[in-house]
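Chemist: There's a structure below that I have some questions on.
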Number of protein chains: 2
Amino acid sequence: MSKLLPLLSPSATHSNAPSAPLSAEDAVDLAAAFKALGDPVRLRLVSLIAAHEGGEACVCDLTGAFDLTGPTISHHLKVLRLAGLITGERRGTWIYYRVQTEVIGHLAEILAPTTTPLAPTCTPEESDLPA
Amino acid sequence: MSKLLPLLSPSATHSNAPSAPLSAEDAVDLAAAFKALGDPVRLRLVSLIAAHEGGEACVCDLTGAFDLTGPTISHHLKVLRLAGLITGERRGTWIYYRVQTEVIGHLAEILAPTTTPLAPTCTPEESDLPA
DNA sequence: GAGTGATTTCGATGACCGTCTATCCCTGCT
DNA sequence: AGCAGGGATAGACGGTCATCGAAATCACTC
């Protein structure tokens, strides 16, 4: 995954923004991720997984929230997985899904590069993603 | 526009996240916005407009960046406009488009509610979200 | 007010997407 | 080994979307 450029410059509202526009290739990459989020079911799936205890959920925890068949849920989970937004791990009978928070956080940064762009006093204590 | 709940709780990585999952209606709203961003052309359009001098651009500034016909660009601009992501204002012959930074910033917040959640040392020297 | 350039709207077409039913794979249990 | 259940895959169908060419709209100019 590349380090994409921000969509909006930190103060795009009132300046002649110098942030370079997205390259065509980066746009394809990014659009794939946003397209994966561009479905209410998938959005709720991500939300449900993130909100579930331990930050992970198995399919049986998710299907109940929708009026959809199992294969349809499975299809949406696959789309999210191929987009790199979630990961699935089999533990025994069940498959547990987990949100790739760094990827989604990355998308958020591209949309709005941290309303507080580069505050050096801020040390984001992250980087505990087991990949 | 409603004040939607965040997709990820601030520390969803390592906690049994208490943030409530999206409601079905909110998900429909949100998904529409992300779907609008789920196309490379539209993503680049937003980026180009944001990066253009003064934060606004007319169609004539945009068409050159693509190998697409005028109507196609116009179609994508319309999709973005209907999604509330940009606004168009006619000034004389040309129509100038501008990015709705608040809306996009809102999307970013929903994706990742400030990766550095509540750092008091970080003084976000802006907070002009009028919505 | 007719001409010209910029932009949108209108239909049409081909591709893609979401959903379903039916079937298959994997794991754990008897 | 056989069976049951969670979950994924395959194939199909209907709807939506991206793109185009052509026509219509808008605004400035002569």
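Chemist: Which order do B:Leu68, B:Leu82, A:Leu111 take by accessible area at a 1.4 Å probe, largest first?
Modeler: Details: B:Leu68 70, B:Leu82 135, A:Leu111 0 Å².
Descending order: B:Leu82, B:Leu68, A:Leu111.
Chemist: Here is a follow-up. How many Cβ atoms of partner chains, on average, are near each residue of A:96-104 if near means within 10 Å of its Cβ?
Modeler: Per residue, the number of nearby Cβ atoms from other chains is 3 on average.
Chemist: Separate question: How big a patch of accessible area, both sides summed and in Å² to the nearest 100, lies buried between A and B at a 1.4 Å probe?
Modeler: What A and B bury together is about 4000 Å².
Chemist: Let me ask you something else. What are the residues of region A:23-38 that lose 10 Å² or more of accessible area, with a 1.4 Å probe, going from their chain alone to all protein chains?
Modeler: Buried by 10 Å² or more upon assembly, which counts only protein chains, are A:Ala24, A:Ala27, A:Val28, A:Ala31, A:Phe34, A:Lys35, A:Leu37, A:Gly38.
Chemist: From the phi angles alone, apply the Karplus equation (6.51, -1.76, 1.60; θ = phi - 60°) to region B:78-84 and give each ³J(HN,Hα) in whole Hz, x where the residue is Gly or Pro.
Modeler: 5, 4, 5, 5, 5, 7, x
Chemist: May I ask you to report, in nm to one decimal and beginning with the shortest, the distances from A:Arg90 to the same position in the other copies, taking label points 7 Å along Cα-to-Cβ?
Modeler: Those label-point separations list as 6.1 nm.
Chemist: With every protein chain present, what is the per residue accessible area of region B:24-111 (1.4 Å probe, Å²)?
Modeler: Numbers: 3930 Å² over 88 residues.
It amounts to 45 Å² per residue over region B:24-111.
Chemist: Could you check how much of the accessible area of region B:24-111 is carbon and sulfur, as a whole percent, using a 1.4 Å probe? Intermediate values should be presented prior to the final figure.
Modeler: Values: 2000 of 3930 Å².
Percent of accessible area from carbon and sulfur atoms in region B:24-111: 51.
The values are calculated or read from the model by the stated rules, or taken from the named source; none is laboratory data. No experiment lies behind these values; they were computed from the predicted model shown. Using ideal geometry, Cβ is built from the backbone for each residue, glycine included, and neighbour counts are taken over all protein chains shown. These accessible areas exclude ligands, DNA and RNA; they are computed on the full protein's heavy atoms, side chains included. Shrake-Rupley method; radii C 1.70, N 1.55, O 1.52, S 1.80 Å.
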